1. Which of the helices (runs of 4 or more DSSP H) contained wholly in the range A:208-298 include at least 2 residues that are away from chain B (no Cβ under 14 Å)?
2. Regarding the range A:156-172, can at least one residue be identified that is of a type in the set (D, E, K, R) and within 12 Å of another protein chain (Cβ to nearest Cβ)?
3. What number of residues within the range A:47-86 satisfy the criterion of being without any contact (Cβ under 8 Å) to a residue 24 or more places away in the chain, within 18 Å of the chain's Cα centre (by Cα) and within 24 Å of residue A:264 (Cβ to Cβ)?
4. Being surrounded by fewer than 17 Cβ atoms within 10 Å (Cβ to Cβ) and in contact with a helix residue (DSSP H, G or I) (Cβ under 8 Å, 6 or more places away or on another chain) is the filter here, so list the residues in the range A:91-108 that pass it.
5. I'm told residue A:267 meets every condition in (1) buried (at least 16 other Cβ atoms within 10 Å of the Cβ); (2) touching a helix residue (DSSP H, G or I) at 6+ places or on another chain (Cβ under 7 Å); (3) under 25 Å from residue A:225 (Cβ atoms) except one. Can you identify the failing condition by its number?
6. Tell me the residue from A:164, A:147, A:118, A:173 that is within 16 Å of the chain's Cα centre (by Cα) and more than 19 Å from residue A:59 (Cα to Cα), please.
7. Can you name the number of the only condition in (1) in a loop (DSSP other than H, G, I, E, B); (2) touching a Pro at 6+ places or on another chain (Cβ under 6 Å) that residue A:105 fails?
Amino acid sequence: MINDKGGVGKTTLTANLGAGLAARGKRVLLIDLDPQASLTVSFFTQNEWLRDLLPGKTIKGWYDGVGKTAGKSMAELITMPPRLTQILAPTGGSLELIAAHRDLGEVDIELAATLMLDPSKFFAVHERLRVGLSEPDFTNYDVVLIDCAPNFGMLARTAVAASDLLVVPTRPDYLSTAGLDSLGRKVTGWTDEYNRRLGGAPKGVRRRPLERRPMVVVFTMVQLYNGEPVEGQRSYISRVPQLGVPTFDTLIRDNKSVYGPAPEHGVPVILGGTGRSHVRELRELVSELLIRLEKIPA
Amino acid sequence: MTQPVEIASLVLKQVGTLLAKLTPDQLDGLLQSRGQLVYHEGDVIVPVRATRSSQGGTAGSRTKPPNAGVDIDAVVAAIRACATGAEVQAYLDSHNRELTVPTLRAVAKALGPTVVSSGNKPDLKRNIIAGTAGFRERSDAMSAGAWRT
């Protein structure tokens, strides 16, 4: 889940898609890469995060191990949101999380500095998350959703390298759709750089070129009038597919009274929300995502 | 020689006389911009009734469609053929006279949902540019063709 523009609903969608997939019987892992830790505190209370997770159970622990021979397994960082266990029990699905650390911003800078000092660590840094997710403990998951911070820093690049599909939540307005172009350029530029460097990789290490990651845009914070997006938003919604960018058909509406309180209760709207129509459109989005995921080769 | 102020005073007196002969409906039409006063060579000022088909006209009134003389499909095709926002701008400017606000609105609607079809004339022109070649041009510049497959 990526967009280097902030405030577009990435975290809300990650939480709801994750919970919605779990409710369909999927085994889901969420990874919070945003130092604001909004995804983490959507499932854990601030006190639980500070007391139980920050000392040693955040994704920072995994990135701290870059370049070290022995370190933690990423599986040791997995936690189970307590308030969802009972809700998801009848579904056969599960939702687990690797929490964010508030110092992830510093991790981003340290990783960039590591590469400046020692460019030979390019692949060790960029593939850090992909390597972690290839551990045997992670083969049990059906879906891993990674919530990126609103930038295209080192952590976001590791997320792109580890992903099969980039879901880009976007508001239907000028700045957000302009941000899509900027994101497309950054991802493509980075992919090209990765593949260029493959030629200089150490002998004996075989790596395949990185294919351009498929992207799909989901429009969030949509305002409807008579069941249709208002004209000012409709124009932006209809322009994006014309640029060749795939989009989800489902539009996610704006409603602060529905989405605002959910994180405080630790249960996403899709599992316990009050707005029935909002739950319905979130479920439709889950269905669309499942169809796209099924098309991705295992 | 009659002074301009005196001429204006005489004209206003004539206009006042004319307005006094109009029906309340005709006066309302003028007030709501559904009708207009038109100058003809000669010595009379003739009121012409509503020209906005969407608001309807009174029976027997002289009406003309909002896009009279303008082939909307041809305008749409010409705009779609433009490769850049500047070309769209040049086209709209070169046909400024016939592209009235109602016509521009019809063109904006015919161009599809990428174009916002509300606003005054400058807004509509800007919307048509932004919703056609403008957004593609901007996107290509910003994304460096990242979305092209």
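1. A:256-259, A:262-265, A:269-272, A:276-294
2. Checking the range A:156-172: not a single residue is of a type in the set (D, E, K, R) and within 12 Å of another protein chain (Cβ to nearest Cβ).
3. Selection size over the range A:47-86: 1.
4. Within the range A:91-108, A:91, A:103 meet the criteria.
5. Single failed check for residue A:267: (3).
6. A:164
7. (1)
Residue by residue, here is whether (1) modelled with pLDDT of 90 or more; (2) out of contact with any Pro (no Cβ under 8 Å at 6 or more places or on another chain) holds:
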position	(1), (2)
A:36	yes, yes
A:52	yes, yes
A:62	yes, yes
A:70	no, yes
A:83	no, yes
A:91	yes, yes
A:100	yes, no
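The values are calculated or read from the model by the stated rules, or taken from the named source; none is laboratory data. Remember, it's a predicted structure, so these values are computed and weren't measured experimentally. Every residue, glycine as well, gets a Cβ built from its backbone with ideal geometry; the counts of neighbours run over all protein chains shown.
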